[in-house]
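Please read through the structure below; I'll follow up with questions.
The values are calculated or read from the model by the stated rules, or taken from the named source; none is laboratory data. Predicted, not measured: the structure shown is a model, and the values here were computed from it. FYI the Cβ positions are ideal-geometry reconstructions off the backbone, even for glycines, and counts take in every protein chain you see. For accessibility, only protein heavy atoms count, side chains too; no ligands or nucleic acids. Shrake-Rupley method; radii C 1.70, N 1.55, O 1.52, S 1.80 Å.
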Amino acid sequence: MLKRSPLILLALVLGLGRTMAATPEKLNPNPARFAALQEKAKELEAKSEYKDAAKAHHRSQVYAPDDRTRAKALLGEADDYYTAGVYPYAKDAYLDLLRSYPLYAPQAHVLERLRQLAEMYADGTIGTLKMKDAPMAIEIYETIVQETPTAAGTIRDHLRLAELQIASGREAEAIVTYEELFRRHAGQSQLGDARLAFARLLVAQAKAGGDGDGRLARQARRQLAAFVEEQPTHPSRAEADQLIAQLDEEQAQTLYGLAVFYTKEAHRRLPAARRYLHDVLRRYPDTAAASQAKLLLAQVFEDDGSGTGLSPAEAEARADLASSPGMAAKVVEMLNTIPDPPQQQGTAKEFPPLAGGDDTSKFLLPVGDVNALDKGE
């Protein structure tokens, strides 16, 4: 028989205990029995025997006559387990209350207890082994933001959830958390710090190599621009401006690199190169890449980038011709050739005249000899 680690056995026992504590037996409404167990719970609470009181609250839920009284008993169970320091059981009871009976749960009280429990799991103050349990803290905060989207303090809950997800290496989930935060609470003044934190995350992810199409960088740029507009005097304004300049330069250099690529002999597509260069000038005029783009435009297209030189159509036509001397010769030959007049395409087809006796008055227009009409008669 395989030997089991004492730690594994302890985890199994604790898990089984929490499951048993959080799941009452099959419901059997009995108001008298419910009232008796609730009275018993009060007596035990008066003696500070909170763990036993929690068990009485738990048993009474089987006999609760309706959801309101069952939720009240579940709240009593959660509070007594919390007071007794049996935090895993308290956590299960509070989460069950929030998920199963949201209409009867005192939100402010339950959410504050759950936040405290989440932080206990995050810093390792819960449990015999005193080990940090970030996944459990994340689960608690996820439940809070999912079950109480309009509760007070949920902006803070989103931010803390994102922090825990990032610390646990779950950056993709943190991005979703931030996006959900801005979707739910758009326009709130408290979002300034959230925008900056989100932008930092997006920039880090883009640098990590997960931004092939530039989507993350553009999203970070939008968040930073909104942050600067909403918080012009924020202490972190200088950091935001620096990040904006960095992102603009990187995006501009990417476009400039594409332009250079399409001027190479093996990949020569001068119209595309010119468009990329003008994109650099239009979108990122204050970057080093913009100066490089102006120089390349002057060298290759005789274009100063100001829009007063060649028109886009003229520049692209000249670029096409420059990239293919053979095509240029054909164009000149075509322009200098006078086309021959069109050849006659045959004579009109002869139709037999109308048979005698046909009544032409039945037609909308008088019908005569179609041959005569064709001949202009």
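Just for helices (runs of 4 or more DSSP H) wholly inside the stretch 29-109: which have at least 1 residues that are more than 29 Å from residue 150 (Cα to Cα)?
Passing ranges, in order: 31-46, 50-60.
Name the single residue, out of those in the stretch 217-248 being open to solvent by less than 50 Å² (accessible area, probe 1.4 Å) and out of contact with any Leu (no Cβ under 9 Å at 6 or more places or on another chain), that is farthest from residue 198 (Cα to Cα).
248
What are the residue pairs meeting all of these: first residue in the stretch 230-249, first residue closer than 27 Å to residue 282 by Cβ and assigned to a helix (DSSP H, G or I), second residue open to solvent by less than 50 Å² (accessible area, probe 1.4 Å) and of a type in the set (Val, Ile, Thr), Cβ atoms under 6 Å, and 6 or more apart or on different chains?
What qualifies is 240/228; 248/287; 249/287.
Which of the residues belonging to the stretch 77-99 are of a type in the set (Ser, Thr, Tyr) and either open to solvent by less than 10 Å² (accessible area, probe 1.4 Å) or free of Cβ contacts under 8 Å to residues at least 24 places away in the same chain (or both)?
Hits for the stretch 77-99 are 81, 94.
Identify all residues within the stretch 255-284 that are out of contact with any Phe, Trp or Tyr (no Cβ under 8 Å at 6 or more places or on another chain) and surrounded by fewer than 15 Cβ atoms within 10 Å (Cβ to Cβ); write none if there are none.
257, 264, 265, 266, 282, 283 - these are the residues of the stretch 255-284 that are out of contact with any Phe, Trp or Tyr (no Cβ under 8 Å at 6 or more places or on another chain) and surrounded by fewer than 15 Cβ atoms within 10 Å (Cβ to Cβ).
For residue 107, are the conditions met, namely being open to solvent by 40 Å² or more (accessible area, probe 1.4 Å) and without any contact (Cβ under 8 Å) to a residue 24 or more places away in the chain?
no
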